[in-house]
1. Whose amide H sits under 5 Å from the amide H of L118, counting only residues 5 or more places off or on another chain, with H placed in the peptide plane?
2. As a footprinting exposure proxy, order V50, V141 by other Cβ within 10 Å, with the fewest listed first.
3. Taking neighbour counts of Cβ atoms within 10 Å as a proxy for exposure, in what order, fewest first, do F93, F40 appear?
4. Just in region 9-76: which GluC sites (Glu not before Pro) are loop by DSSP and have at most 11 other Cβ atoms within 10 Å?
5. Can you compute the helix-only [θ] at 222 nm over the chain? Use -39500 (n - 2.57) per DSSP H run of at least 4 residues, normalise by all residues, nearest 500 deg cm²/dmol.
6. Which whole DSSP H helices in the chain pass both tests: a Cα extent of 20 Å or more along the axis and a mean Kyte-Doolittle value no lower than -1.0?
7. So how far apart, in nm, are the two label points at A19 and D35 if each is 7 Å from Cα heading toward Cβ?
8. Using the 2.2 N^0.38 Å rule of thumb for compact globular proteins, work out how the chain stacks up: its C-alpha Rg over that value, please.
Amino acid sequence: MQATNVYLKAFKYKAWANAELLSYGERQLHLLSDDDSTFFARILNHTTVVDSLFISRISGIPELYIADNTPETPSLSELKERMHQNDAWLVGFTEAVSQNELSRQVYFQFTDGDQGQLSVEEILLHLLTHGSNHRGMAARVLASNGLERPKDTFTRYLHQFEPCRREELERL
């Protein structure tokens, strides 16, 4: 399997996992304390802002944010739209990215003013791990309040979208 196909599958999973978590949040956020509901939205907004910053850096377009989160806490519907836009961009990008592009070095300034340099491939890996970490933090808020959280594992995603994987096991 080509590396680009692995990234494509990983970013499709990320989009699905983001949508799953936001769906659980929309249904249950009213059951959380103000502090917990704010944390849920802000930690996911942080990942959305970071995704946007690195999308701008890959694309060479001006960054929309000057920090790694926004001063205001977006509504879940605003957050859902921003996440969807970023996820759609990342899926489209990984559908077409070349090995040369993955190797390209991107020079940028972090929001704290420090200089940075990463390859496009390293940026993609960062966005995957960063998003996974913070989705886990947001899901933990639901769980610690006795609420339902998504079962958003990569294996569940693969078996849901590629049901033939289960059929092969049944033949063994």
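1. So L118 has HN proximity to V106.
2. Ranking V50, V141 by Cβ neighbours within 10 Å, fewest first, gives V50, V141.
3. So the residues, fewest neighbours to most, are F93, F40.
4. E72
5. That calculation yields -23000 deg cm²/dmol at 222 nm.
6. Taking the DSSP H segments of the chain (at least 20 Å long, mean hydropathy at least -1.0), we get 3-28, 34-59, 76-96, 120-144.
7. 3.5
8. Normalised by 2.2 N^0.38 Å, the Cα Rg of the chain equals 1.11.
Quick note: the coordinates plus some simple rules give every number you see, no bench work behind them. The model shown is predicted, which means the values in this text are computed figures rather than measured ones. Quick reminder, even Gly has a Cβ in these numbers, built from the backbone with ideal geometry, and neighbours come from all protein chains shown.
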